[in-house]
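J.: Quick one: the structure is below, and I'll ask about it shortly.
Any read-out appearing in this document is the output of simple, stated calculations on the displayed coordinates, not a laboratory observation. All figures in this text were calculated on a predicted structure; none of them were measured in a lab. Don't worry about glycine lacking a Cβ; one is built from the backbone with ideal geometry, like all the others, and counts go over all protein chains shown.
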Amino acid sequence: MNVVQATLSGALIGGLYALMAIGLSVTWGVLRVINLAHFGLILIGAYLTFQLATSWGIDPLLTLVVTVPAMFVAGAVLQWIFDRLALTEFNSLLVSFGLLIITIQVASNVWSADFQRMDATVNPYATESVSIGRLVFPVTTLLAFVLAGLVVLGVHLVLRRTFAGRALRAIAQDRAVAGAFGVDHRRLSLLLGGAVGATAALAGAVFSLSNALTPETAYEWFGIVFAVVILGGIGEVVGTFAAGVLVGVLSGVVSVVWSPATAPFVLFSAIILALLLRPRGLFAMGAVR
Amino acid sequence: MRIRTLTALAAAVVLTVAAAGCNRGSDSDSASGKGGGPPIVVGSTLSLTGAFAATGQIHKLAGEEYVDRLNAAGGLLGRKVEWKVLDDQSDQAKVAQLYERLITQDKVDLLIGPYATPNILSAMAVAQRHGYVLPQHTAVLAPQLTYDCQFPAWSIGPTPNKFIPDQLFDALDSLPTPPKKIAVVTSQSGSAAFVTDGFGDDKTGVLTIAKDRGLDVVANVHYPPTTTDWAPIATQVRDADPDLIISNGLGVDAVNLVQAMKQLNYTPKKMFALFPAPGPLLALGAPADGILSVSMFEPNKPILDKLGAKATEITTDFTKRAKEAKLPYTTFETQAAASWNAWDILAAGVTESGGTDQRKMCASLHDKGADTTFSGHLKFDPKDHNFWPTTQTLKQIQDGDWVTVWPKNKAAAPLK
């Protein structure tokens with residue numbers, strides 16, 4: 001029962017990893033920007049959820065009505081900055097890391113470095129769950145899983161079935177040629193940046209439902225989210241979701257069978273092995289490029 | 001010729017006086033006496049940003065309040081006290097550099113320690129190299145704190161790895177149904193792992209003591225400090241179904257564990273959290289009720305009444321300052337009390353030795369000890385690495401607040 005529950009819990013938390021990773025993966029795959037500031041957007045999304053819920057006493061999920069549009073704008077502005085700076089892929093890594101540090105400092109100044117957590121009166125989700133026999137589905141990770149599934153489905157359909165999606169894939173393959181065929185790279189980049197910001201708002205909100213926030217939290221996401229992006233295949237949204245679930249399950253099962261202390265060792269060894277076998281990612285099928 | 005001699009003599013006098021003013025590590029301040037003189041500068045770092053900043057801010061507020069009160073009462077030896085505090089960004093490498101700078105460039109008169117054990121160990125090495133006295137707030141890893149002139153402000157005695165489990169099990173043995181099966185969940189970080197597994201060749205800790213007392217350890221889980229997924233740990237604990245969970249972790253580890261167990265519809269029968277951030281556990285509400293932890297001071301009314309009006313003033317003023325600084329948890333409790341003790345120790349070293357000569361201060365603290373507001377008179381024995389007989393108590397969340405419950409003679413309410 002231990003292992004079954006751990007597999008289930010791992011799969012569900014994998015949804016959160018995927019939700020955090022999708023924006024990073026798409027920006028990297030389509031726009032060739034390794035946007036570490038995406039972690040800053042998730043952090044701000046989480047703090048906004050916390051702030052709105054605790055200050056106004058409203059349901060944390062309702063805060064999405066405010067945070068999603070707000071982070072859409074923030075994501076678009078961020079993308080506009082990247083466009084204006086005309087960064088190479090590697091330079092985007094450096095610049096966005098700088099932006100992340102600034103974001104963390106701003107969060108420290110606004111919300112302090114102390115642990116901030118929605119208390120039980122405004123956040124009933126933190127301890128709620130759905131049970132089937134002895135198997136338990138925690139509401140927060142279930143929500144993350146469902147949201148990640150919906151986002152993946154939406155992004156996948158947009159990329160495959162719409163003109164904008166086909167244009168974005170054309171940009172990913174060759175920006176100059178896409179431009180020659182009338183694809184407005186800048187406008188689509190802003191749109192994509194905004195959409196990525198919106199996913200950051202979702203990820204931040206779900207994270208804040210079950211975790212205490214400190215500005216430094218953003219650094220803790222690096223390892224696992226990058227692992228999910230690379231394992232899933234850069235720019236591969238369905239692969240990112242599958243990789244998130246795989247990473248969650250592997251980590252959960254190893255924690256139960258051996259020890260949580262062994263989990264990072266086994267997880268990252270498995271990832272290295274997987275990338276040796278499939279260097280473009282375990283679930284890469286051609287991605288959006 | 002005579003004029004030149006007089007000029008040279010005058011210059012020598014001026015230079016000597018100036019040098020005396022700069023020579024902060026000497027007895028000269030007693031000469032400046034109550035008539036004033038340059039301020040006594042205390043140097044330290046605190047983690048104002050980074051991983052330890054949450055608690056670092058508490059120490060900053062407590063220190064500022066202490067210095068304000070000290071100066072309002074005339075300072076030390078009639079001189080004002082200035083506190084030069086630098087941000088070490090929770091980085092122990094920076095701690096060493098900054099303490100070196102405080103001593104060699106800023107030439108501070110006195111030092112006080114940073115926050116968090118790794119940082120304190122870094123600062124201690126620098127203080128030792130320069131022969132400075134170092135009162136320190138919170139490092140309780142007694143075997144590693146070997147410098148004779150470091151003075152702990154929070155003591156769990158010379159063997160915290162024995163004292164903490166013994167105190168906890170003694171307390172629980174006083175209940176009508178003491179626990180028989182325990183689960184131990186341990187963060188792989190210095191002080192937490194020390195209490196579970198001991199240190200070096202000394203393997204004394206929760207696990208060995210539980211065995212000696214005939215307790216059955218039904219789960220023993222170690223996790224990295226960066227753990228974010230608590231479901232697997234909660235699953236193991238739930239399936240082991242212990243009478244008592246010992247969460248030897250830091251910060252919000254206990255909160256995450258309680259929440260993950262609650263999500264699995266599991267409510268622990270009894271739980272102990274070693275060094276939790278006090279605010280977030282209270283914010284959990286009912287699921288956290290009954291959780292035990294260690295404490296050096298809680299501002300419960302019976303305890304404040306025993307300590308007198310000064311303690312009440314200090315705790316009230318701290319809460320006001322903490323609210324102004326927008327700290328989420330504004331109560332003056334163990335961390336702030338440890339900070340206050342450190343400043344009391346520093347002040348006692350100066351006043352009892354009559355100056356800021358580091359060797360004399362160190363000797364005076366060993367000989368005479370220090371009077372503190374919240375822990376009474378402390379005696380320091382270098383054989384025990386200056387770890388004084390502990391005044392540690394156990395606190396418990398009762399009706400949404402932390403209450404001192406053990407030992408009985410210090411309890412504000414009975415243990416439940």
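J.: Net charge near A:Leu100: determine it from the other residues with C-beta under 14 Å of the C-beta of A:Leu100, scoring Lys and Arg +1 and Asp and Glu -1.
T.: -2
J.: Quick one: dipole size for the protein assembly as shown, taken about the Cα centre, charges +1 on Lys/Arg Cβ and -1 on Asp/Glu Cβ, in debye to the nearest 20.
T.: 1260
J.: Which is farthest toward the positive dipole end of chain A among A:Val65, A:Thr214, A:Gln116, measuring Cα position about the Cα centre, with Cβ charges +1 (Lys, Arg) and -1 (Asp, Glu)?
T.: Positive-most Cα among the choices belongs to A:Val65.
J.: Sequence gap at least 6, Cα distance under 8 Å: using those rules, report the relative contact order of segment B:178-244 to the nearest whole percent.
T.: About 47 percent, as a whole number.
J.: Cross-link candidates for B:Lys94: which lysines have Cα within less than 28 Å, leaving aside residues fewer than 8 places away along the same chain?
T.: Partners within reach: B:Lys60, B:Lys84, B:Lys107, B:Lys326.
J.: Pull up the DSSP beta bridges for the protein assembly as shown and report the antiparallel fraction as a percent, rounded to 5.
T.: Antiparallel: roughly 40 percent of the beta bridges in the protein assembly as shown.
J.: Binning at 5 angstrom from zero up to the longest distance, how are the C-alpha pair distances of segment B:44-169 distributed in percent?
T.: That works out to 2, 11, 19, 21, 20, 15, 7, 3, 1, 0, in percent per bin.
J.: Given H placed on each backbone N at 1.01 Å, which residues far from B:Leu86 in sequence or on other chains put an amide H within less than 5 Å of it?
T.: Residues meeting the amide H criterion: B:Ser44, B:Thr45, B:Leu46.
J.: Ok, one more. Would you compute, for the Cα atoms of segment A:1-54, the largest minus smallest coordinate along each principal axis and list the three values in descending order, in whole Å?
T.: The principal-axis extents, from largest down, are 43, 36, 11 Å.
J.: I need the P(r) histogram for segment B:186-249: all alpha carbon pairs, bin width 10 Å from 0 out to the longest distance, whole percents.
T.: 20, 51, 27, 2
J.: Can you list which of the DSSP-assigned H helices in chain A have a Cα extent of 18 Å or more along the long axis and an average Kyte-Doolittle score of at least 1.6?
T.: A:139-161, A:217-232, A:237-257, A:263-277
J.: Turning to a different aspect of this structure: For Cα pairs less than 8 Å apart in space and 6+ apart in sequence, what is the mean separation divided by the residue count of chain B, i.e. the relative contact order in percent?
T.: RCO, chain B: 16 percent.
J.: Continuing with this model, one more query. Within 10 Å of each Cβ in A:133-142, how many Cβ atoms from other chains are there, averaged over the peptide?
T.: Per residue, the average neighbour count from other chains is 3.
J.: Which whole-number percent gives the relative contact order of segment A:164-289, counting Cα pairs below 8 Å spaced six or more residues apart?
T.: Relative contact order comes out at 28 percent.
J.: Something else about it: Starting from the Cα of A:Phe163, move 7 Å in the Cα-to-Cβ direction to define the label point; list residues of segment A:22-46 whose amide nitrogen is under 11 Å from there.
T.: Under cut-off, by backbone N: nothing.
J.: For segment A:125-242, I need the span (max minus min coordinate) of the C-alpha atoms along each principal axis, in Å, sorted largest to smallest.
T.: 58, 34, 23
J.: Post the alpha-carbon centroid distance, segment B:335-403 to segment B:237-284, in whole angstrom.
T.: Distance between centres, Cα-based: 31 Å.
J.: Over the Cα atoms, compute the radius of gyration (one decimal) and Dmax (the largest Cα-Cα distance, rounded to a whole number) for segment B:303-416, in Å.
T.: Cα-based Rg and Dmax for segment B:303-416 come out at 16.4, 50 Å.
J.: Regarding the protein assembly as shown, what's the average projected area of the Cα-atom convex hull, expressed in nm²?
T.: For the protein assembly as shown, averaging the hull's shadow over all directions gives 37.6 nm².
J.: Return the Cα extents of segment B:157-281 along principal axes one, two and three, sorted largest first, each rounded to a whole Å.
T.: Extents along the principal axes: 37, 34, 25 Å.
J.: A further question on this structure: Give the Rg/Rh ratio for chain B, taking Rg as the radius of gyration of the Cα atoms and Rh as the Kirkwood radius, to two decimals.
T.: Ratio of gyration radius to Kirkwood radius: 1.04.
J.: With the crude spin-label approximation of a point 7 Å out along Cα→Cβ, what separation in nm comes out for B:Asp367 versus B:Asp170?
T.: So the label points at B:Asp367 and B:Asp170 sit 3.4 nm apart.
J.: Here is a further query. Which of A:Ile104, A:Ile13 has the fewest other C-beta atoms within 10 Å, and how do the rest follow up to the most?
T.: The fewest-first ordering by Cβ neighbours comes to A:Ile104, A:Ile13.
J.: Expressed in nm², what is the orientationally averaged projection area of the convex hull enclosing the Cα positions of segment B:259-332?
T.: Its average projected convex-hull area is 6.0 nm².
J.: Of the listed pairs B:Lys80/B:Lys301; B:Lys80/B:Lys395; B:Lys162/B:Lys416, which have alpha-carbon separations greater than 26 Å here?
T.: The answer is B:Lys80/B:Lys301; B:Lys80/B:Lys395.
J.: Would you please give the FRET efficiency between B:Arg69 and A:Trp258, computed as 1/(1 + (r/R0)^6) with r the Cβ-Cβ distance and R0 = 60 Å, to the nearest 0.05?
T.: In this case the efficiency is close to 0.70.
J.: Something else now. Can you work out the PRE-style zone for B:Asp148? Point 7 Å along Cα to Cβ, and I want the residues of segment B:343-375 with backbone N under 13 Å.
T.: Of the residues in segment B:343-375, B:359-367 have backbone N under 13 Å from the label point off B:Asp148.
J.: In whole Å, what is the distance between the alpha-carbon centres of segment A:135-183 and segment A:211-289?
T.: Centre-to-centre distance over Cα atoms comes out at 19 Å.
J.: Given 5 Å bins starting at zero, what is the percent of C-alpha pairs of chain A in each, up to the one with the largest pair distance?
T.: 1, 6, 12, 16, 19, 17, 13, 9, 4, 2, 1, 0
J.: What does the net charge come to around B:Pro389 if you take all other residues with beta carbon closer than 15 Å to its beta carbon, with K and R at +1 and D and E at -1?
T.: Net charge in that neighbourhood comes out at +1.
J.: Which ordering of A:His156, B:His385 is given by a fewest-first count of other beta-carbon atoms within 10 Å?
T.: Least to most surrounded, the residues fall as A:His156, B:His385.
J.: Same structure, new question: Residue by residue through B:321-329, how many Cβ atoms from other chains fall within 10 Å of the Cβ on average?
T.: Partner Cβ neighbours, averaged per residue: 2.
J.: If you take every residue apart from B:Ser122 with its C-beta less than 11 Å away from the C-beta of B:Ser122, what net charge results, scoring Lys and Arg +1 and Asp and Glu -1?
T.: Once positives and negatives cancel, what remains is -2.
J.: Please compute the average number of Cβ atoms from other chains found within 10 Å of each residue's Cβ in peptide B:59-68.
T.: Mean number of neighbouring Cβ atoms from other chains: 0.
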